[in-house]
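> Quick one: the structure is below, questions incoming.
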Amino acid sequence: MRNKVILWGLGAMGSGMVSAIWKRPDLELVGVIDNDPKKAGQEVGKVLALSGIIDTINKEHLKEQYIKVSAEPGELLGKVQAGVLLLATGSFTRQVFPQIKQALEAGLNVITIAEEMAAPMVQEPELGGEMDRLAKKHGVSVIGTGINPGFVLDTLIIALTAPCMEIKKIRAARINDLSPFGPTVMATQGVGSTPEEFASGLKSGTIVGHVGFPESVHLIAEALGWKLDEIRQEREPIISKTSRQTPCVRVEPGMVAGCRHTAVGLIQGRTVIELEHPQQIHPEAEGIETGDYIWIEGTPNINLAIKPEIPGGTGTIAMAVNLIPHVLEARPGLLTMKDLPVPCLRYIRHET
């Protein structure tokens, strides 16, 4: 019997998750939730076809393309048999908490790509505690993942420390292309704004740059047993010199194409973790090569370079879908990526 999955959020990432599920012999999509009036009530296959998402569908999934998108979570959660909810609706713990709560109370394991959910106890300890309590009460688990946070600037770094005898400092950078992401991510990065609007957005909190930096720094430090005294962050706009466009935003010269965001973790005034994430749409338009880089200063020194970057959109989709079998086997409660076995692409059959 295939693992039954409900998806909540049929945007750029959610649509990609549906396509990924339809290529997997061990997964079955049994419901889709989205309150967009242009999608609600429509067959999910038609929604994906119109957005150009569908390329191939495994023969085991042909009937699933006729599932109708529901605008009412209550029509599916707790009423349609499923084991996992994939949640792709927002970036912040407080934003997605009501949806997670509803799913946990319906007895569903939850995998979300909300960036703050990579380690919700960092900024929302009360909500994190409530999710842990609810998950344990209903015998399920909840976890936040993605390409970053979730893998490149935390889980991959943690794995690379295994062959080290000692570590003095960790530095890492992800230079990536934001183009595959949807309007939510573009807004939080300030893409398409003027420099003045970017500065105003930083002050008001509508522009936040990379969501998840404190969570990644925290995960690394916690895994290594380091007690940080402080996490500092800085953000500055990347001003475009060229015209660039994605399906959801257009940037002209002089406008903001992305955000250069850095975060450092300190112990007694000394920087022990330094993360850099300059991300923008179509960086190749100005001759910038993407890549993921990790430098561990220790015994031995370890340097890793991945060029070009691991694609953000594809990577986020894959992380969420590939985590399904791991989460179904995990202990109940609120989890982070360091609580699971090394993540991998693995197909299993699991009755729900």
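The values are calculated or read from the model by the stated rules, or taken from the named source; none is laboratory data. Predicted model, so just to flag it, every value in this text is computed and none were measured. Heads up, the Cβs are rebuilt from the backbone with ideal geometry, glycines too, and the neighbour counts pull from every protein chain shown. SASA here: full protein model, heavy atoms, side chains in, ligands and nucleic acids out. Shrake-Rupley method; radii C 1.70, N 1.55, O 1.52, S 1.80 Å.
> As a test question: what accessible area, to the nearest 10 Å², does K101 have when a 1.4 Å probe is rolled over all protein chains in place?
Probe radius 1.4 Å; accessible area of K101 about 70 Å².
> Within segment 195-297, list the trypsin sites (Lys or Arg not before Pro) lying in a DSSP loop whose Cβ has at most 12 other Cβ atoms in a 10 Å radius. Present the calculation step by step, with values, prior to reporting the outcome.
On the way: sites: K203, K227, R232, R235, K241, R244, R250, R260, R270; in loops: K227, K241.
In loop regions of segment 195-297 (DSSP not H, G, I, E or B), the sparsely surrounded trypsin sites (Lys or Arg not before Pro) are K227, K241.
> Do the sum for the chain: with -39,500 (n - 2.57) for every DSSP H run of n ≥ 4, divided by all residues, what is the mean residue ellipticity at 222 nm, to the nearest 500 deg cm²/dmol?
Details: 10 runs with 94 residues, N = 352.
Computed mean residue ellipticity for the chain: -7500 deg cm²/dmol.
> In debye to the nearest 20, how big a dipole does the chain give about its Cα centre with +1 on each Lys and Arg Cβ and -1 on each Asp and Glu Cβ?
Numbers: 34 positive and 40 negative charges, 127 e Å.
In debye, rounded to 20, the chain gives about 620.
> Now for a different question. Averaged per residue, what accessible area in Å² does segment 136-232 show with a 1.4 Å probe, protein chains only? Display every interim value, and only then the final one.
Details: 3940 Å² over 97 residues.
Averaged over the residues of segment 136-232, the accessible area is 41 Å².
> When DSSP assigns beta bridges and you keep just the ones with both residues in the chain, what percent turn out antiparallel, to the nearest 5? It would help to have the intermediate numbers written out before the result.
Details: 38 of 65 bridges.
Roughly 60 percent of the DSSP beta bridges within the chain come out antiparallel.
> List, in order, the whole-Hz ³J(HN,Hα) value for each residue of segment 162-177 obtained from phi through the Karplus relation with A = 6.51, B = -1.76, C = 1.60 and θ = phi - 60°; use x for Gly and Pro.
Those phi angles translate into 4, x, 8, 7, 8, 9, 9, 7, 10, 10, 8, 9, 10, 9, 10, 9 Hz.
> I'd like the GluC sites (Glu not before Pro) in segment 281-352 restricted to DSSP loop residues with at most 14 other Cβ atoms within 10 Å, sorted by number. Show your work: numbers first, answer last.
Values: sites: E284, E286, E289, E297, E309, E329, E351; in loops: E289, E309, E329, E351.
Qualifying residues, ordered by number: E289, E329, E351.
> Same structure again: Nearest 20 debye, what's the magnitude of the dipole of segment 154-265 about its Cα centre given +1 on Lys and Arg Cβ and -1 on Asp and Glu Cβ? Walk me through the numbers before you get to the answer.
Values: 12 positive and 12 negative charges, 50 e Å.
Dipole about the Cα centre, nearest 20: 240 debye.
> Once all Cα-Cα distances of segment 1-154 are split into 10 Å bins that start at 0, what whole-number percent is in each one?
Histogram of Cα-Cα distances, whole percents per bin: 11, 41, 35, 12, 1.
> While we're looking at this one, here's another question. K38: which aspartates and glutamates have alpha carbons under 17 Å from its alpha carbon, excluding same-chain residues fewer than 8 sequence positions away?
Partners found: E72.
> Quick check on my link table: of K169/K227; K23/K68; K136/K227; K4/K63, which ones sit more than 22 Å apart, alpha carbon to alpha carbon? Don't skip to the end; give the middle numbers.
Details: K169/K227 14 Å; K23/K68 19 Å; K136/K227 27 Å; K4/K63 14 Å.
From K169/K227; K23/K68; K136/K227; K4/K63, over 22 Å: K136/K227.
> Please give the FRET efficiency for E75 paired with E126, using the beta carbon to beta carbon distance and R0 = 30 Å, rounded to the nearest 0.05. Mind dumping the intermediate values first?
Numbers: r = 30 Å, r/R0 = 0.99.
Efficiency, from the Cβ-Cβ distance: 0.50.
> Further question: For the chain, just say rounded, prolate or oblate: build the C-alpha gyration tensor, square-root its eigenvalues into a ≥ b ≥ c, call rounded for a/c under 1.5, and beyond that prolate if a/b exceeds b/c, oblate if not. Numbers along the way, then the final one.
On the way: a/c = 1.68, a/b = 1.24, b/c = 1.36.
Since a/c reaches 1.5 but b/c is at least a/b, the shape of the chain is classed as oblate.
> Another question, if that's okay. Can you grab the distance from the C-alpha centre of segment 150-210 to the C-alpha centre of segment 269-305, Å, no decimals?
Cα centres, segment 150-210 to segment 269-305: 11 Å.
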